[in-house]
Amino acid sequence: MRPLFPGSMPSAPLPDPDRAVLLRRPLAERILETLHYLAEEIEPRRVGSLGEAQAAGYIAGRLRRVEQQAVVRSFHSNAPPSLALLLVLLATALAFAIPLLLAPPYVPFAGATSAVLAALAAGLFVDEQAGSAILAQVLGRPVSQSVVGVRGATATTAPRTRAIVVAPLDGPPRSPTRGLSRTVLGLLVLQTLAYAWLVLAQRWPWHALLSVLLGTTGCLILLMVHQQTARVPQPAVLGAGELATLIGVAEELSALEHTEVWTVAAGAAATGDASLRHLLRHYPFDHTTAIINLDRITGGSPVYATREGVLRERRANRQLLSLASAADAHDMRINAEPRPLRRRTLAHLPLRRGFAVITVTSHPDIHTLASPEVDTIARCVYLVVGMLRELDAGGGVVPTDVRGI
């Protein structure tokens with residue numbers, strides 16, 4: 001494998017006395033230190049904010065203390081998903097208002113135009129829920145940053161494979177709930193079908209038009225309520241469990257013999273996958289790269305996802321699932337559970353591109369706003385470290401499981 005990181009990659013890192021002193025402290029104490037800093041010492045980690053930049057500098061410093069080469073890279077992020085949804089609903093309202101604004105001779109033309117706009121709005125909404133986020137990519141250009149760290153393998157030959165452990169750098173979004181998203185999607189689909197019937201029947205009864213417009217207004221009101229809720233500041237500790245796990249893995253895992261380990265704190269995760277697009281564009285990883293995604297690590301039992309997605313589920317890589325099961329069996333402290341995830345995570349993009357991916361999270365029944373628990377974070381650290389050691393012991397080759405994509 002050719003080197004991807006700028007600068008020379010040491011094949012055998014020299015022992016760092018600071019690392020030895022650091023590891024003499026219990027893992028739980030180091031996790032508490034990380035949570036305290038992210039929750040109380042810096043501002044909330046909103047996309048493009050000072051708090052996000054402070055967190056990036058802190059994590060880069062912690063990675064360098066454990067013999068990793070680390071850099072902070074800036075990139076342009078996407079617009080918030082709620083802004084894209086607002087434009088979709090406005091387009092829907094315009095589509096349904098056209099027949100009322102035009103005179104009767106122009107009704108056939110108005111009906112066709114409004115039906116096309118309504119179908120386009122519904123399609124864009126489905127696209128946002130599926131994770132492609134076309135509107136968010138077109139609209140957004142805020143500047144964010146990601147932390148990229150790497151530790152080379154100790155073997156004198158080139159590493160057999162690479163593993164990436166990735167976690168969101170920014171805090172979690174106040175995105176629309178699953179019930180709200182389904183309600184809005186259902187209203188859009190019903191209104192599109194109603195308009196298709198009106199166009200085909202060439203009938204425009206006032207009560208049908210009124211019901212459609214009232215439905216669109218209801219969608220707008222639901223989204224406005226969500227927008228007001230999103231303005232309420234979130235506790236800074238939310239989302240810190242993933243970063244504490246990421247740092248814990250870097251500290252607990254010494255250099256492997258055949259596996260090059262990358263540690264990534266991805267910025268602007270709340271607004272889409274721009275950070276991973278930027279990472280994969282600047283570092284052309286091949287499809288033998290194993291990716292371990294950390295998502296919503298709060299409380300309860302550790303979970304490794306068997307499949308994930310909203311509108312379309314994608315299965316985790318079979319070999320990584322077996323590594324997670326083996327690591328769990330070898331360490332009684334972990335006690336993890338295999339479960340599906342009914343949400344979109346940072347793993348969405350690499351899964352679509354055919355990488356070997358698995359997501360590690362905590363019990364999905366735990367609420368998004370739950371504060372992270374030290375015991376859960378420590379167990380997730382042991383799980384990820386065990387998976388990477390199992391991967392290295394097995395030769396470090398993870399073939400892409402095309403059937404699991």
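Every number here is computed from the coordinates shown, using simple stated rules; none is lab data. What you are looking at is a predicted structure, and each value in this text was computed from that prediction instead of being measured. Positions of Cβ are generated from backbone atoms using ideal geometry, with glycine treated the same way; all protein chains shown enter the neighbour counts.
Figure the gain on full extension for Val143 and Arg353 (residue separation times 0.36 nm, minus the Cα-Cα span) and round it to one decimal in nm.
Details: separation 210, 0.36 × 210 = 75.60 nm, distance 2.47 nm.
Value of the extension gain: 73.1 nm.
With each label point set 7 Å from Cα along the Cα-Cβ vector, what nm distance links Asp375 and Thr157?
4.5
Ordered by packing density, taken as the mean number of other Cβ atoms within 10 Å over each peptide's residues, highest first, how do 327-339, 252-264, 60-72 rank? Working shown, then result.
Working: 327-339: 15.8, 252-264: 21.8, 60-72: 19.2.
Ranked from most to least packed, the peptides come out as 252-264, 60-72, 327-339.
Kindly state, to the nearest 0.05, the FRET efficiency for Ala28 paired with Val72, given R0 = 22 Å and r defined as their beta-carbon distance.
Between Ala28 and Val72 the formula returns 0.20.
Pop a pseudo-label 7 angstrom from the Cα along the beta-carbon direction at both Arg314 and His36 and give the gap in nm to one decimal.
For Arg314 paired with His36, the spin-label model returns 4.0 nm.
Multiply the residue separation of Arg342 and Glu257 by 0.36 nm, subtract the distance between their alpha-carbon atoms, and state the gained length in nm to one decimal.
Stretched out fully, the Arg342 to Glu257 stretch lengthens by 27.0 nm.
Between Glu43 and His330, what FRET efficiency comes out of the Förster formula 1/(1 + (r/R0)^6) with R0 = 35 Å and r the beta carbon distance, rounded to 0.05?
Calculated value: 0.30.
How far apart, in nm, are the 7 Å Cα→Cβ label points at Arg64 and Asp286?
My value for the distance between the label points is 3.2 nm.
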